Amino acid sequence: MFDGRLVELRGKWLNGAWGRLSRRDVWLYREPERWLRAREGTGDAPFRELGWQFENEAEARGMVERLMGDGGE
């Protein structure tokens, strides 16, 4: 349901893997708070979606680096 809040996409990353289990997509949004969403796997296969909230964009981008760097959470 639309609640009137403005959501701004600040960045999007893909790890370049296309396998069912190795693919990772990461989105950085600014809602009023900055938050991050990550998905492992593809839409065709079972996938896991995770989300975090951060007080500033630098912290959120640090998590992006961790997610894209080591493939972990």
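Amide H contacts under 5 Å for residue 11: 28, restricted to partners 5 or more places along the chain or on a different chain, H placed in the peptide plane at 1.01 Å from N. The simple Förster model, with R0 at 22 Å and r as the Cβ-Cβ distance, assigns residue 37 and residue 66 a FRET efficiency of 0.90.
Taking Lys and Arg as +1 and Asp and Glu as -1, the other residues whose beta-carbon sits under 14 Å from that of residue 14 total +3.
Quick note: the coordinates plus some simple rules give every number you see, no bench work behind them. Just so it is clear, the model here is predicted, and its values are computed rather than measured. In this analysis, Cβ positions are derived from the backbone assuming ideal geometry, glycine residues included, and neighbour counts consider all displayed protein chains.
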